[in-house]
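For reference, the structure is listed below as C-alpha cells.
The values are calculated or read from the model by the stated rules, or taken from the named source; none is laboratory data. Keep in mind that what you see is a predicted model, and the values were worked out from it rather than measured. Using ideal geometry, Cβ is built from the backbone for each residue, glycine included, and neighbour counts are taken over all protein chains shown. Just the protein is used for accessible areas: all its heavy atoms, side chains included, with ligands, DNA and RNA removed. Shrake-Rupley method; radii C 1.70, N 1.55, O 1.52, S 1.80 Å.
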Amino acid sequence: MLILASASPRRRELLTQAGLTFTVDSADINEDRLPHEIAAAYVQRLAEEKAQTIWNLRRSLDTPEDPLIVLGADTCVVCDGHILGKPANPDHARRMLQLLCGRTHAVLTGIAAATRAKIVSDVEVTQVTFNVLTDSEIADYIATGDPLDKAGAYAIQGYAARWIPRIEGCYFNVVGLPIARTITLLEEARAKLGHIDRQRS
C-alpha cells in the first residue's frame, strides 16, 4: 500500500502518469527552516518528516502481506543563496521572479519513503535558466494567480515555460517530483522491507 503524503496535485498527476496506485493523505507539519539549515538538508528533512508523520498515523494499515509505504516530498528553489518557497502574496511573488530573471537557479526536491523498516531518502537537483522578464510580463503572470502556490513563484509546465530556454537535470523534478528517482527510492524501500521480513522468518 502506497500513500502520498502531499496535497500537491502535480505530484498526484506525476505518480498517476507513472502507473502507480496510491492514496493521498497530506501531512500537516511545521515547515519552518532550522537556523543555518542548507537547502538540500531542509527539503530532505521535510520530506522525511511528512512521510514519517503519515506512516505513524496510518501504521495500523501496515501488514506483512501488504506493507505500508508512505512517500513524502518537498521542493524549493535556490537562487543566489536565497531559498525560495511558495510566495506569501503577489508582491512576494514579484520579488522572487525579479530575482530569477536572466539567471540560472537550482530546484531541489527532497523525497522520502517511510516503512516499518526505516526511512530512505534523497535529494534531486535540477538547474533552470530563466530569460530576462519585463515588469509587465511579471505583473501579467502574477495576475493569473498561477505563481502563488508554487515554489519560486512559477510552474515550468505552465505559462512560465515560455521563459525557460534551458534546464540541466530532471524536468519532472522542477514540476515537483523526480519520477525516475522516486521509483528507484520506492524499490529501495521495498527491498529493505524484504530484508527485515527475511530476518524475522
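Some notes on this structure:
- Of the chymotrypsin sites (Phe, Trp or Tyr not before Pro) found in the range 94-193, not one falls in a DSSP loop while having at most 16 other beta-carbon atoms within 10 Å.
- FRET efficiency, 1/(1 + (r/R0)^6) with R0 45 Å, evaluated for residue 28 and residue 104 via beta carbons: 0.85
- The chain: mean projected area of Cα convex hull, nm²: 11.6
- Measuring nothing but how far apart in sequence close Cα pairs (under 8 Å, 6+ apart) lie, relative to its length, the chain scores a relative contact order of 22 percent.
- Per-residue extension of 0.36 nm, minus the Cα-Cα distance of residue 166 and residue 129, leaves a gain of 12.8 nm for this segment.
- Max mean-square fluctuation residue, GNM over the chain, Cα-Cα springs under 10 Å, options 189, 112, 73: 189
- A cut-off under 10 angstrom between Cβ atoms defines the neighbours of residue 173, and their net charge, with Lys, Arg +1 and Asp, Glu -1, is 0.
- Highest-fluctuation residue, 139, 106, 47 considered, GNM on the chain with Cα pairs under 10 Å: 139
- Annotation: extensible slack from residue 61 through residue 184 equals 42.0 nm (criterion: 0.36 nm per residue apart, minus Cα-Cα distance).
- Simple label model, 7 Å out from Cα along Cβ direction - residue 143 to residue 38, nm: 4.2
- Portion, in percent, of the accessible area of the range 104-163 that falls on carbon or sulfur, probe 1.4 Å: 49
- Taking all protein chains into account, the per residue accessible area for the chain stands at 49 Å² (1.4 Å probe).
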